[in-house]
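Read the structure below first, then the notes.
The values are calculated or read from the model by the stated rules, or taken from the named source; none is laboratory data. In this text the structure is predicted, and so the values were computed from the model without any measurement. So basically every Cβ, Gly included, is an ideal-geometry build from the backbone, and we count neighbours across all protein chains shown. Note: accessible area is taken over every heavy atom of the protein model, side chains too, but ligands, DNA and RNA are not part of it. Shrake-Rupley method; radii C 1.70, N 1.55, O 1.52, S 1.80 Å.
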Amino acid sequence: MCSSMCSQLLRVLVPFLVVLAGSAAGAGPIITEIIDAAGDGEGSTLNFPIGIAVDHSGNVYLSGNQSDNAFEITPDGAITEIIDAAGDGRGNTLNVPLGIAVDASGHVYVTGFSSENAFKTKPGGKIKEIIDSSGDGKGSLLLEPVGIAMDAWGNVYVPGFSSLNAFKITPSGEITEIIDASGDGAGNILENPQAIAVGASGNVYVTGVNSDNVFEITPDGAITEIIDASGDGEGSILDLPLGVAVDAGGNVYVTGRASNNAFKITPDGEVTEIIDASGDGGGHSFLGARGIAVDVSANVYVTGDISDNAFKITPAGVITEIIDASGDGGGNTLNFPLGIAVDARGDVYLVGALSDNAFRLAFSIFSDDFESGDTSAWSTTVP
């Protein structure tokens, strides 16, 4: 049963985005549980996993929100705890980790919601705190960070849920506040930012959970609200946006948890609802919209934390449920899915927060469309 802290976080947690590849027509994935509550099996347990990411070699990383740790799972199934509550071991602790991401060099980044910081872990095991509650050190604080993302140049981006802002951290350690509560400065405010994503051009996208909107921040600092509570303006509203993703063409995708839907926003501002509470329209509903991601073919993937499932949405609008509460169908169930990620081969990974586990959905046995070195088909954010 969730603790009071867990219950508090059910509204706060960010969805993780995932990018997922297609399978052969009509073929479903092979689903395997890759980690459970036992964690590494050597005493480091996994409790309430939220964030998940995967690197170009197929190593999977996930955060344990209530176990105050993060794990690496190799393609052959070896599980290693890469950070725990001790944080960097020098007094900077990790408490209630949420967001997790990995770069092309294998550095893993994790946010601590209650410790109000973020860490960088290196493949050799060295851990460094890259930001703390002092934020930029100039008066702009970082309070209760949730999501985390990075760009192709090694810059890391972290939103502060309670400080109503977001920061950019350069590889050299320079910290800059890129947006605050004033939002675009034209009356469209930012309230409780949570999910964050970065496009190929360096544009940053951040959701305002309680302002019911999404902002775009360009590299030169221009800020634009690209969607608000009115959603598509035709009756499909946006309520509690938790997940955000962006594709190679600059199209942005966002989930509305309380509105049980997801939208696509084109670069020219056209807004379209791509899935609603009816899910696939065939009896599989979509409730509690969380994680969202998009692959190189513009297929979109979303998780429903109340309906305990995930869907694929093709560019043509075909919607398919790809996993449900039965999990792997062999007794390992999926309960409250949050984070989702995809590797370069198109295999999908997602966590079950209340089932204390994670699954691999293997689509790659049906398709060889992905090159082993292609990482353009995935990105991560926080639950």
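Net charge near residue 320, counting Lys/Arg +1 and Asp/Glu -1 over other residues with Cβ under 12 Å of its Cβ? All intermediate terms of the calculation are to be shown ahead of the outcome.
Values: positive: 312; negative: 280, 321, 324.
The answer is -2.
Heavy-atom accessible surface of the range 28-94, averaged per residue, reaches 38 Å², computed with a 1.4 Å probe. Of the residues 188, 106, 319, the one whose Cα sits farthest toward the positive end of the charge dipole of the chain, with +1 on the Cβ of Lys and Arg and -1 on the Cβ of Asp and Glu, is 106.
Find how much the distance from residue 201 to residue 277 grows on full extension, using 0.36 nm per residue of separation minus their present alpha carbon separation; answer in nm with one decimal. Full-extension gain reported as 24.1 nm.
From the largest down, the range 183-296 spans 46, 32, 23 angstrom on the principal axes of its Cα atoms. Over every Cα atom in the range 28-161, the radius of gyration and the widest Cα-Cα span, Dmax, amount to 14.5, 52 Å. Over what distance in Å are the Cα centres of the range 34-88 and the range 166-196 separated? Value for the Cα centre distance between the two parts: 29 Å. In terms of Cα atoms, the Rg and Dmax of the chain work out to 18.5, 55 Å.
Every helix of 4 or more DSSP H residues in the chain counts as -39500 (n - 2.57), and over all residues that averages to -500 deg cm²/dmol at 222 nm.
With a 10 Å cut-off between alpha carbons and a GNM built on the chain, which of 53, 101, 362 moves the most? Taking springs between Cα atoms under 10 Å, the residue moving most is 362. Summed over the residues of the range 111-169 and divided among them, the accessible surface reaches 36 Å² per residue at a probe radius of 1.4 Å. Among 144, 81, 270, which one shows the highest mean-square fluctuation when the chain is modelled as a Gaussian network with alpha-carbon springs under 10 Å? Taking springs between Cα atoms under 10 Å, the residue moving most is 270.
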